[in-house]
Number of protein chains: 2
Amino acid sequence: MQKQIKLVKRPVGTPTYDNFEFVDTHIGEPDEGEVLIRTNYISVDPYLRGRMNDAKSYIPPFELNSVISSGVIGQVVESKSSKFQKNDIVTGPLGWQEYSVAKDSSIRKIDADLAPATAYLSVLGMTGLTAYFGLLDIGQPKDGETVVVSGAAGAVGSIVGQIAKIKGAYVVGIAGSDEKTAYLINELGFDAAINYKTQDVRTALSEACPKGIDVYFENVGGEIGDAILPLLNKFARIPVCGAISSYNNEEVDLGPRVQGYLIKTSSLMRGFTVGDYTQRFKEGSQALAGWLQDGKLQYEETITDGFDHTIDAFLDLFKGGNLGKAIVKVSDIE
Amino acid sequence: MQKQIKLVKRPVGTPTYDNFEFVDTHIGEPDEGEVLIRTNYISVDPYLRGRMNDAKSYIPPFELNSVISSGVIGQVVESKSSKFQKNDIVTGPLGWQEYSVAKDSSIRKIDADLAPATAYLSVLGMTGLTAYFGLLDIGQPKDGETVVVSGAAGAVGSIVGQIAKIKGAYVVGIAGSDEKTAYLINELGFDAAINYKTQDVRTALSEACPKGIDVYFENVGGEIGDAILPLLNKFARIPVCGAISSYNNEEVDLGPRVQGYLIKTSSLMRGFTVGDYTQRFKEGSQALAGWLQDGKLQYEETITDGFDHTIDAFLDLFKGGNLGKAIVKVSDIE
């Protein structure tokens, strides 16, 4: 028997424990072309909140009374595929459960010599690719430009800021604690950091960005996103990756309309998801792995121990509890 | 002596006659490299409202107690430039006055055989180029896609819709009277038109756009711009050209934040002004002139007769009084 986590009630506003249920169930058996995987690590991500609504979006919503899924690292226990052997370490979109049966086409092996396995859920996984393509394809920072990133100590934001530094930009991060802002400056090499919980963001941004803002990597939306608008330079670019401040809103999320700001500065805002770039994943993965090996990319993980605490780790995202990538450790890699 | 119009008080909210003053002044004399021009036609445009504020924007604000300027068609009365002769018909950014002295580098001759002179203030001028570059460079409509344009019976919108038809799109216009919607469908060949003053825009848009919206050419902002967001298709494009509904707002213009909509659909909004495309004006002018000669572009003008009525024509823009390009006729071309 194993445990799994199902979505049993769609959240209204902020998710609570009531929305989820731990269920005991049998461990499946692989058919031809499938493998049985023991879950080692589960990625918990803000975007999963969107999938808990019954609304059209870029990926279909989770079905009620079904197992939740996200990025997972696991180890092959039994293989009925010629592509995988027992003990291979793999990653793919798998269920929140202790064991998964997966088609061999839905997973891929990871190179645990290059980096620790969990890196494939963060800097070398979807998180790193999200930062890479959003910043470089949409944001296109140039040497000496000012790049601001919100959610800067989070999984995506921390990679965005470091890539922007690699590209020669002046980088300002916005985060929610003094511990986080210190981390951004001292560990990641950001040029400035703003604690939005203790500072007035508009004033602090004006001071931190004396030359205006050329790129704003949007992770949070809300009033922080609003505060950027008056500081945009001509031809500024805003990759819109997330809006975590509004994911749990029950009412319409109102703010200043953006049209006037975009016209005055000929600026662009563009929403994206990493799935828009599947054709270019190889390019992104290689670049990220290269920077990682060269010591140019640091990454932080907040690892919650034990499958039983998966929901805790997920709910913590909306309180800003994580530094870097939020991951749940389910079992050891053997 | 001649009359000219000065901005004497910056408007707060909707402009009124109080903001302007008609002043009698001497007619200037051209120096070497200059010409004296008799004003025939003055272009009155919504964007001029922005220049009446004392705020940083893409063009500097008008100075208080200075003559207002915009696109003008005029005839050379006296030339001290080798580039122009008496009676040449020229266009350029000139003052709201009966006569102007202009440097020869600031004006250009127009070809009155190709089209009536006023066309150089509309379809063959900045208006047409605004429609051309905003729609084709940012909007990039493809055959069979759905293009929605607001301010559709206005100077820019009416050209946008027709270019979109030339490109094979399904075109829906939003305008403010039944006369205008009838014009869009019967004269300009739009596929559907919505009267935002009598119809519920959200419902009408859903009905008019059964396949969703691929391109929204934004001229008006406000609640009409808001109504578009839930209907955006994957990878939709929103050229943001104007937001006339908010130009006279005294308070912050609040609406639903756009981030969530942009992320869900990987859509882009991009502000622009025609000045961003100066390097490509020749391409745009040639394309527009070609379509005009082929009978593929219709254009309408609302011509107000008499310099004394210039302010009336300008204020009328904010009441939706104009069909097509708003122009003031100051004197006959001789």
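Below are the figures for this structure:
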item	result
Scope the stretch B:1-21; condition more than 30 Å from A:I263 (Cα to Cα) and surrounded by fewer than 14 Cβ atoms within 10 Å (Cβ to Cβ); matching residues	B:M1
Given (1) closer than 20 Å to A:A227 by Cα; (2) assigned by TED's automatic domain parsing to the domain that holds A:G50; (3) at pLDDT 95 or above, number of the condition A:I311 does not satisfy	(1)
Residue in the stretch A:31-41 that is under 30 Å from B:S267 (Cα atoms), among the charged types (D, E, K, R) and either surrounded by fewer than 19 Cβ atoms within 10 Å (Cβ to Cβ) or under 25 Å from the mean Cα position of the chain (by Cα) (or both) present	no
Matching strands (runs of 3 or more DSSP E) fully within the stretch B:1-85 where at least 1 residues are out of contact with any Phe, Trp or Tyr (no Cβ under 9 Å at 6 or more places or on another chain)	B:20-25, B:34-43, B:69-79
Selected residue (criterion: farthest from A:G212 (Cα to Cα)) from residues of the stretch A:239-257 that are at the interface with chain B (Cβ under 9 Å from one of its Cβ atoms), in contact (Cβ under 8 Å) with a residue 24 or more places away in the chain and not polar (S, T, N, Q)	A:Y247
Single residue of B:L292, B:L288 found to be among the hydrophobic types (A, V, I, L, M, F, W, C), surrounded by 21 or more Cβ atoms within 10 Å (Cβ to Cβ), more than 10 Å from chain A (Cβ to nearest Cβ) and in contact (Cβ under 8 Å) with a residue 24 or more places away in the chain	B:L288
A:Y277 being surrounded by 22 or more Cβ atoms within 10 Å (Cβ to Cβ) and more than 8 Å from chain B (Cβ to nearest Cβ)	no
Residue that is farthest from the other protein chains (Cβ to nearest Cβ), among those in the stretch B:211-226 that are surrounded by fewer than 22 Cβ atoms within 10 Å (Cβ to Cβ) and part of a loop (DSSP other than H, G, I, E, B)	B:K211
The one condition in (1) free of Cβ contacts under 8 Å to residues at least 40 places away in the same chain; (2) in contact with a Gly (Cβ under 8 Å, 6 or more places away or on another chain) that A:D111 fails to fulfil	(2)
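The values are calculated or read from the model by the stated rules, or taken from the named source; none is laboratory data. Note that this is a predicted model, so its numbers are computed, not measured. With ideal geometry, Cβ positions are generated from the backbone for all residues, glycine too; neighbour counts draw on all protein chains shown.
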